[in-house]
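What follows is one structure encoded as structure tokens, with my remarks underneath.
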Amino acid sequence: SQVVEVPGPIDGRKIGIVAGADSDLGGVSKLVDAVLGLNATPLVTAPIGGVLKSGRRSVIVERTLLTTRSIEFDAVVV
């Protein structure tokens, strides 16, 4: 009964997105938009808090690697 053939919706899930100073922030922004489009909550996680900046792009860091716990996420994208 627990084996499903078709994946269900991810509404309300929290998705951790691990990023760093050298990450492709354009790709991170697209991933954040895709997660929001699925009615889930993206949580950008980085080694330090604040804002990741690269050129004209910037991404707000919601969690740091030292202050987050694994139980906060339903899935993690590295």
Q) What are the pairs, 6+ residues apart or on separate chains, where a residue within the stretch 29-48 that is without any contact (Cβ under 8 Å) to a residue 24 or more places away in the chain and closer than 15 Å to V59 by Cα has its Cβ under 8 Å from a residue that is open to solvent by 40 Å² or more (accessible area, probe 1.4 Å) and not in a loop (DSSP other than H, G, I, E, B)? A) V35/T41
Q. Between residues in the stretch 12-27 that are touching a residue at least 60 places away in the same chain (Cβ under 8 Å) and residues that are charged (D, E, K, R) and open to solvent by 60 Å² or more (accessible area, probe 1.4 Å), which pairs lie under 9 Å by C-beta distance while being six or more apart or on different chains?
A. R13/D74; K14/D74; I15/D74; G16/R63; G16/D74
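The values are calculated or read from the model by the stated rules, or taken from the named source; none is laboratory data. Predicted model, so just to flag it, every value in this text is computed and none were measured. Neighbour counts run over all protein chains shown; Cβ positions are idealised from the backbone, glycine included. Side chains are part of the model used for accessible areas, which takes the heavy atoms of the whole protein and leaves out ligands, DNA and RNA. Shrake-Rupley method; radii C 1.70, N 1.55, O 1.52, S 1.80 Å.
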